[in-house]
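Any read-out appearing in this document is the output of simple, stated calculations on the displayed coordinates, not a laboratory observation. As the structure is a prediction and not an experimental result, all values here were calculated from the model. Every residue, glycine among them, receives a Cβ derived from its backbone with ideal geometry; neighbour counts consider all protein chains shown.
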Amino acid sequence: MIKDKEIRDEIKKIASGQVIFDEPMYLHTSMGVGGKTDILVSPGTVEELQHITAYLAGCNIPFLPVGNCTNLIVKDGGYRGAIISLKNLGKIEQEKIQGENVYICAEAGTPLSRLIDLSIRESLSGMEFCAGIPGSVGGGIKMNAGAYGRELKDIVKEVSLINSDGIMKDIPRDDLQFEYRNLDLPGKSIIVSATFCLLKGSEEKIQEEVLEILRTRRKKHPLSYRTAGSVFKNPCNMPAGKIIEELGLKGFQVGDAQISKIHGNFIVNLGKAKAMDILTLVDTVQKMALKEKGISLEPEIKIIGED
Ligand SMILES: Cc1cc2nc3c(=O)[nH]c(=O)nc-3n(C[C@H](O)[C@H](O)[C@H](O)COP(=O)(O)OP(=O)(O)OC[C@H]3O[C@@H](n4cnc5c(N)ncnc54)[C@H](O)[C@@H]3O)c2cc1C
């Protein structure tokens, strides 16, 4: 545990007050689970972020960037190190217009929902598929978030990263290693901002598509509970939810964690679930899928911390 007063004081100085020590992560994860992190720091500027990462790296303190924590399970023993929340970096700028293309640059902490609102207001098409994805720009790009056959990689033009020394670099899309639900980042890089390429379109059409997607999500997903979205990646074009349903696991429960009765690939927190309950469900599903169907299910959710 990082209890060293000198380190704590220095981080407080760099982060101009936006730092909490020994913070329970269940207060921050969409799933509502997670023990304490030694440090939760939310830099207010990119320069502050650069200083903090360089300082943490220099002290050999592990750190992890997060956005909205909607794809994250923090184990019950918490995280030994610093969780760096990008939530205060939320500036959006229109970069340029080139024919039908409009380039929008958004900082990593910008909620995807804010970009969708902007795209409706400004009649810009391309982001509609992100409707209902509760993540941030940084988390979305790291996860190459997607739905309805589209992924963020389809509309990203460039991503700005800082490395663990706090040095910034702009990387064009063609040099980024996007995969299904992952962007392979070099070392301990943190996404600082991204430029998206959107197309001039019709406000009415964009809004209708967004509303249609939100209606579909309300029907298919257990949105009245705390969740982390899809738990497993879909293996070779087969929906993981269907596999879990065929295994008869819908409604299966450990503690207050339950495989959703509505959608097999969601785990819901019925109230007081612990990370351990969720991880036991994940393990049960994986073992049954392998034993009964010969299918290896890989988690899409990110699991961090100590038991
Ligand atoms: C109700 C619900 C519906 C969902 N639907 C979808 C869906 O349709 N499609 C989909 O793909 N996902 C979906 N998700 C999952 C989740 O919202 C997405 O993966 C989202 O993009 C994660 O963003 P975040 O900001 O919450 O990331 P976090 O959960 O905060 O982080 C996720 C990962 O990204 C890393 N990360 C975060 N920020 C940065 C950064 N700035 N630089 C480098 N790494 C970073 C973290 O370290 C972590 O490994 C859903 C989740 C919920 C709760």
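Taking the mean number of other Cβ atoms within 10 Å as a proxy for protection, how do you rank 188-197, 219-228 from highest to lowest?
Working: 188-197: 22.0, 219-228: 16.3.
Going from most to least packed, we get 188-197, 219-228.
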Per residue, the convex hull volume that the Cα atoms of the chain enclose (Å³): 131 Å³
Those GluC sites (Glu not before Pro) in region 1-73 that DSSP places in a loop and that have at most 14 other beta carbons within 10 Å: none
Modelled label reach - Asn237, point 7 Å along Cα→Cβ, region 145-164 residues with backbone N closer than 20 Å: 146-151
Linear extension gain, Glu246 paired with Ser224, 0.36 nm per residue minus alpha-carbon span: 5.5 nm
Sites Asp170 and Leu27 - FRET efficiency at Förster radius 25 Å, r taken between beta-carbons, to 0.05: 0.15
Ordering of 161-168, 138-145, 107-114 by packing [mean C-beta count within 10 Å, highest first]: 138-145, 107-114, 161-168
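Nearest 20 debye, what's the magnitude of the dipole of region 92-220 about its Cα centre given +1 on Lys and Arg Cβ and -1 on Asp and Glu Cβ?
Once rounded to the nearest 20, the dipole reads 540 debye.
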Qualifying aspartates and glutamates (Cα of each under 13 Å from Cα of Lys287; at least 8 residues distant if same chain): Glu298
19 Å Cα-Cα threshold exceeded, pairs from Lys220/Lys242; Lys219/Lys242; Lys75/Lys291; Lys75/Lys274; Lys36/Lys274; Lys75/Lys142: Lys75/Lys291; Lys75/Lys142
Cα-projected label distance for Gln286 with Glu203, points at 7 Å along beta-carbon direction, nm: 4.9 nm
Length gained when the stretch Arg8-Gln94 is fully extended (0.36 nm per residue, less Cα-Cα span): 27.2 nm
